[in-house]
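Engineer: Handing you a structure now.
What follows is calculated from the coordinates using simple rules that are stated; it is not laboratory data. Just so we're clear, the structure is a prediction, and the values are computed from it rather than from any experiment. Note that each Cβ is placed from the backbone with ideal geometry, even for glycine, and that neighbours are counted across all protein chains shown.
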Amino acid sequence: MRHALILTACCFVLFGWISPSVEASVHPPARISKVEAYRIHYREHTSFHVTRTTHAELEQVLGSIHQMAGMRSYSLPKKYILFRFPSPVTLTGTPVVHPIREVIVTPPRSSGIPPRLLVKNPQQQWVEYKTSRPLAPLLDQIQAGEKPSIETVSLPPNR
């Protein structure tokens, strides 16, 4: 009888009827308390308000990081979105093992090239990561929720 119960439990797990990571899929691993956002265009930094929807989408994107794609040692693109976290964000269940202070989302350069996610590591280098969640909805949220801003700011140095 005991063996039958163990065998049944194994079958449930193997066939996915009981998922050991149900709780992980319900709650995104990224919890962001506050985020500052900047649109970078030819080295000019324009701040913009991050809506709750965009904030939640950013949490989902960061929680879906699943693979490091490589280092970016050359210059950054001329246009991108910079997210800065005053309180470092720690991700669980992702290949990013250090607290995150800044991430960049680059817009697609052409229709065939998807947006990219870059995370700044403790050595101040940008590392590209792949996500299981597409980045286009995040960029769409930013465009839809962005309030026009005429303020161009100088970014304080990252601590």
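Engineer: Would you mind putting 53-64, 36-47 in packing order, based on average other-beta-carbon counts within 10 Å, highest first?
Structural biologist: 53-64, 36-47
Engineer: Also, I was wondering about something else. Under a plain spin-label model, where a point goes 7 Å from the Cα along Cα-to-Cβ, how far apart in nm are residue 143 and residue 79?
Structural biologist: 0.9 nm
Engineer: Relative contact order of segment 25-153: what whole-number percent is it, with Cα pairs under 8 angstrom and at least 6 residues apart?
Structural biologist: The normalised contact order for segment 25-153 reaches 31 percent.
Engineer: For segment 25-153, treating each Cα as an identical point scatterer without solvent, what Debye log10 I(q)/I(0) comes out at q = 0.10, 0.14, 0.19, 0.21 1/Å?
Structural biologist: For segment 25-153 at q = 0.10, 0.14, 0.19, 0.21 Å⁻¹, log10 I(q)/I(0) is -0.29, -0.58, -1.14, -1.43.
Engineer: Tell me the chymotrypsin sites (Phe, Trp or Tyr not before Pro) within segment 46-99 that lie in a loop according to DSSP and have at most 16 other beta-carbon atoms within 10 Å.
Structural biologist: Filter output for segment 46-99: 74.
Engineer: Same structure again: With r as the distance between the Cβ atoms of residue 87 and residue 53 and R0 = 22 Å, compute the FRET efficiency 1/(1 + (r/R0)^6) and round to 0.05.
Structural biologist: 0.60
Engineer: OK, next. Roughly what would the spin-label model give for residue 71 and residue 110, points 7 Å off Cα along C-beta, in nm?
Structural biologist: 2.8 nm
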